[in-house]
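This report concerns only the one structure given below.
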Amino acid sequence: MTSSPAAGGARLTKSANDGRAPVAVFETVVAGIVSGFLAIVLSIGFANLLLAGGMRVHTPVMVGMALFSTMVLNAVAAFTSPIRGGASVVQEVPIVLMASATPAIAAGMADAADLDVLATIVVFCMVTTTLTGLILLALGIFRLGRLIRFVPYPVVGGFLAGTGWLIFQGGLTVIAGAPVTLDVLPIFAEPGVATKCALGIGFIAAIVFLHSRFEGNFVVPAAILAAMILYNVVVIGGGISAETLYAAGWLIPLPADAGLWPPLFPDDLARVDWLKVAGGVIAIPGIIVVTAMALLMNAAAIEVDRGQDVDLDKELRSVGIQNVLAGPSGGLPGFPSVSLTLLSDRLGGAGRPVGLVIAALCAAAIVFGDLVLGVVPTPLLASLLVWIGGTLMFEWLIGAYRRLNLREYLIVVLIFLFIVFAGFTWGILVGLAAAIVLFVVEYSRTDIVRQFVRGHHRQSNYEGSAERLAALRRHGAAILIFRLQGYLFFGTADGLRKRILSEAEGSADRPPARFVLIDFGRVTGIDSSAVLTFARLGQAAVQSGFTVVIGGASADVRAALERGAAGTKGGSQFRFDGDIEEALTRCENALLDAVAPASRAAVAHSVTSVLASILKDEADAGDLAGYLERVEIGPGDALIEQGSPSDDIYIFESGTAAVTIDADGTPFSLASIGPGAIVGEIAFYAHKPRSASVVAAEPAVVWRFTRAALARLQAERPDLAVRFHEGLASTLADRLTSTNRLLEFLAE
């Protein structure tokens with residue numbers, strides 16, 4: 001039987017995958033071994049930070065705690081972390097903060113035995129790790145990991161650059177055998193150290209060269225494996241003893257103490273000074289906050305490097321469980337390491353077994369410490385640290401210059417410099433401050449005024465007489481309309497206040513403002529500084545003589561503004577309205593009462609005066625009035641019903657009504673109409689059913705012009721009928737212009 005192309009393709013794919021599987025397993029194992037050795041090195045280094053002075057003789061206990069914790073972290077992460085192939089380790093950030101508390105515990109127990117002090121410090125570390133895990137777990141359960149999404153990209157970049165420096169510095173420390181400072185720089189000129197530096201540089205050069213010539217993740221693991229084989233061949237062939245290698249600094253010295261773990265036995269709990277532990281708990285909130293932020297920033301940094309999203313809430317839950325399990329058993333706080341995870345990625349270790357390999361190596365280091373580290377020379381470990389650290393620094397201090405604008409790039413450099421010269425914790429704090437400053441600066445540049453217009457260009461949806469509309473177009477510039485958007489805070493509110501005051505001033509071509517109408521419909525919130533700014537606006541309104549009208553504000557925003565305006569000199573100049581259109585209508589009516597009372601909507605308009613405004617002739621208006629009939633309606637009566645035949649045109653002489661539309665059974669108010677308004681003419685001429693209802697809000701007198709009356713007018717006075725059509729067309733054109741302005745205003 002002949003195979004189909006699809007079947008053949010499936011067999012080819014399977015064959016390719018089968019060929020790839022051994023390579024993937026090899027890459028994963030190599031990535032786990034390399035990352036595991038480095039995790040052991042980092043764990044030992046960080047453990048050395050916890051004890052000072054005479055207590056340093058007990059550092060092996062801290063080393064055991066660090067190795068045990070790194071083992072637990074990776075074992076649990078292999079099954080629970082969303083960062084596949086990630087590598088975790090006890091972390092410098094929480095340990096540095098814990099190290100600031102342990103001397104105080106030791107000083108408070110100056111008269112106690114060393115073992116009592118050690119037991120107390122160990123319990124403090126266990127409590128801190130456990131509480132940190134519980135808080136991280138809670139943050140993940142309540143889905144608060146999204147907070148890191150508010151950290152700007154340059155802050156993450158600065159954090160990565162600073163991390164690169166610490167990794168780079170760690171590599172130099174491994175070679176030098178001591179923390180690298182200006183005082184120890186001459187040590188690199190010593191023959192033994194210089195030889196290790198040369199080998200490390202040669203290895204890095206080889207990696208860079210091979211990367212430029214060959215593609216794939218297999219290059220670096222192969223180079224590492226070759227270097228390890230070559231080193232051990234030389235050592236075995238030359239008969240070089242382990243003691244000689246340790247003395248020359250070619251191997252990482254692990255304390256040869258049989259009691260690396262557990263740090264405490266049940267009987268040791270009697271030695272603990274629980275009051276001192278409770279006193280140390282004061283530092284725990286700060287440790288937890290900084291640890292959570294460092295964890296989230298690490299996860300975000302891994303996201304950026306991988307180009308893949310990490311479920312931060314799931315990662316918080318995973319790390320929380322890791323620390324909760326490690327803490328009570330004698331562990332230290334930890335979470336995914338950016339450097340080790342990125343190194344694992346570059347070595348091709350993308351699967352969960354990476355964590356299991358690291359955990360197994362840590363377990364072996366606890367039991368067979370010297371034997372495990374005896375196969376890896378320090379120049380190899382150091383060169384890997386220098387390589388990954390240098391890569392991160394180059395990418396974010398050199399490459400980022402082309403990707404970021406100058407302001408963002410300077411933030412990267414600032415964070416990097418603080419990490420280099422002030423420490424990692426300060427770098428994180430500066431990063432948070434930079435995030436706030438960057439947000440304020442960038443958001444302050446966002447125009448919170450969505451639209452600004454004056455009342456002679458934009459009228460309310462109140463349908464009144466032609467005289468009213470004409471008066472508003474003459475005098476409406478005294479009404480200022482500001483439509484706001486976004487969140488109002490100290491960075492944007494004062495700019496708004498200054499703009500309002502500038503627009504409110506009179507000039508040769510515009511009157512001073514009488515009303516400043518501010519639409520808060522799209523404002524999401526307001527802070528106390530912005531509330532104070534509006535109180536100052538009210539004070540300026542008293543001096544300038546205008547009223548501030550707030551419309552469309554949410555309940556919370558309105559309450560904040562009312563509290564801020566209450567009791568201030570400008571409080572009387574504020575007015576609050578729920579609906580922006582009603583607020584604008586009231587402003588228009590108040591303005592017309594002052595400058596053009598004859599056009600005021602409250603004044604009744606005889607049908608003759610309305611017809612005269614259409615025909616431009618009072619005599620003809622009187623003749624045309626004879627074709628209309630007078631109708632009286634009461635509050636709640638429907639003059640026009642949506643969907644009914646359009647056989648009439650109505651002219652309001654007195655009273656007001658609401659224009660509503662029924663959408664799926666829910667009525668919506670479209671406009672208000674008053675004396676002088678003409679309604680129903682569009683459907684009348686289009687011969688379409690009514691598109692909306694007109695319901696009286698108060699007793700009203702209207703005049704009805706029927707289709708039969710129009711036919712009689714055309715037969716008896718065709719000249720008058722033509723002028724009526726022309727006048728009504730002009731009125732419709734004016735209304736269409738106003739409607740277009742309204743639509744443009746609402747569409748902005």
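The values are calculated or read from the model by the stated rules, or taken from the named source; none is laboratory data. As the structure is a prediction and not an experimental result, all values here were calculated from the model. Methodologically, a virtual Cβ is constructed for each residue, glycine included, from the backbone with ideal geometry; neighbour enumeration extends over all protein chains shown.
Taking Glu629 as the residue in question, decide whether it is in contact with a helix residue (DSSP H, G or I) (Cβ under 9 Å, 6 or more places away or on another chain), farther than 21 Å from Ser460 by Cβ and free of Cβ contacts under 8 Å to residues at least 24 places away in the same chain. Criteria not met by Glu629. The set of residues in segment 37-95 being surrounded by fewer than 20 Cβ atoms within 10 Å (Cβ to Cβ), assigned to a loop (DSSP other than H, G, I, E, B) and more than 32 Å from the chain's Cα centre (by Cα) consists of Asn48, Leu49, Ala52. Here the helices (runs of 4 or more DSSP H) wholly within segment 268-385 that include at least 3 residues being within 29 Å of Leu245 (Cα to Cα) and more than 23 Å from the chain's Cα centre (by Cα) are 338-346, 353-373. Counting the residues of segment 606-641 that are farther than 26 Å from Thr660 by Cβ and part of a loop (DSSP other than H, G, I, E, B) gives 5.
Listed here are the residues, each with its yes/no results for (1) at pLDDT below 90; (2) under 19 Å from Val542 (Cβ atoms); (3) out of contact with any helix residue (DSSP H, G or I) (no Cβ under 9 Å at 6 or more places or on another chain).
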position: Leu480; (1), (2), (3): no, yes, no
position: Phe489; (1), (2), (3): yes, no, no
position: Asp494; (1), (2), (3): yes, yes, no
position: Arg510; (1), (2), (3): yes, no, no
position: Leu517; (1), (2), (3): no, yes, no
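Being surrounded by 15 or more Cβ atoms within 10 Å (Cβ to Cβ), touching a helix residue (DSSP H, G or I) at 6+ places or on another chain (Cβ under 9 Å) and closer than 30 Å to Leu670 by Cα, is that true of even one residue in segment 522-532? Within segment 522-532 (the criterion being surrounded by 15 or more Cβ atoms within 10 Å (Cβ to Cβ), touching a helix residue (DSSP H, G or I) at 6+ places or on another chain (Cβ under 9 Å) and closer than 30 Å to Leu670 by Cα), the answer is yes, since at least one residue qualifies. Scanning segment 398-430 for residues that are of a type in the set (A, V, I, L, M), surrounded by 13 or more Cβ atoms within 10 Å (Cβ to Cβ) and under 20 Å from Ile167 (Cα atoms) gives Ala400, Val412, Val413, Leu414, Ile415, Leu417, Ile419, Val420, Ile428, Leu429, Val430. Scanning segment 490-521 for residues that are hydrophobic (A, V, I, L, M, F, W, C) and either in a helix (DSSP H, G or I) or surrounded by 20 or more Cβ atoms within 10 Å (Cβ to Cβ) (or both) yields Phe490, Ala493, Leu496, Ile500, Leu501, Ala504, Ala513, Phe515, Val516, Leu517, Ile518, Phe520.
Any residue at all in segment 445-464 that's part of a helix (DSSP H, G or I) and either over 30 Å from Gly680 (Cβ atoms) or within 27 Å of the chain's Cα centre (by Cα) (or both)? No: zero hits. Among the residues in segment 562-574, are any modelled with pLDDT under 85, outside any loop (DSSP other than H, G, I, E, B), in contact with a strand residue (DSSP E or B) (Cβ under 8 Å, 6 or more places away or on another chain) and of a type in the set (S, T, N, Q)? Checking segment 562-574: at least one residue is modelled with pLDDT under 85, outside any loop (DSSP other than H, G, I, E, B), in contact with a strand residue (DSSP E or B) (Cβ under 8 Å, 6 or more places away or on another chain) and of a type in the set (S, T, N, Q). Look at segment 713-740: where a residue is of a type in the set (Phe, Trp, Tyr), no partner that is modelled with pLDDT under 75 sits 6+ places away or on another chain with Cβ atoms under 6 Å. Here Ala433 fulfils each of the conditions (1) modelled with pLDDT of 80 or more; (2) not assigned by TED's automatic domain parsing to the domain that holds Ile288 apart from (2). Scanning segment 662-691 for residues that are without any contact (Cβ under 8 Å) to a residue 12 or more places away in the chain and either β-branched (Val, Ile, Thr) or assigned by TED's automatic domain parsing to the domain that holds Leu584 (or both) turns up just one, Thr666.
When you scan segment 394-410, do you find a residue that is part of a helix (DSSP H, G or I), assigned by TED's automatic domain parsing to the domain that holds Phe37 and over 25 Å from the mean Cα position of the chain (by Cα), even just one? For segment 394-410, residues part of a helix (DSSP H, G or I), assigned by TED's automatic domain parsing to the domain that holds Phe37 and over 25 Å from the mean Cα position of the chain (by Cα): present. Residues satisfying the criterion are present in segment 592-600 (criterion: touching a residue at least 60 places away in the same chain (Cβ under 8 Å), in a helix (DSSP H, G or I) and crowded, with 21+ Cβ neighbours inside 10 Å). Among residues of segment 265-286 that are closer than 25 Å to Val96 by Cβ, those with a beta-carbon under 7 Å from a residue that is among the hydroxyl-bearing types (Ser, Thr, Tyr) and assigned to a helix (DSSP H, G or I) at least six positions away or on a different chain give the pairs Val272/Thr120; Asp273/Thr120; Lys276/Thr120; Val277/Thr120; Ile284/Thr128. Confirm whether Pro263 is outside any helix (DSSP H, G or I), surrounded by fewer than 21 Cβ atoms within 10 Å (Cβ to Cβ) and either out of contact with any strand residue (DSSP E or B) (no Cβ under 9 Å at 6 or more places or on another chain) or outside the structural domain of Ile388 (by TED's automatic domain parsing) (or both). No, not satisfied. Just one of (1) assigned to a strand (DSSP E or B); (2) within 20 Å of Ala733 (Cβ to Cβ) trips up Asp662, so point out which. Result: Asp662 fails condition (2) only.
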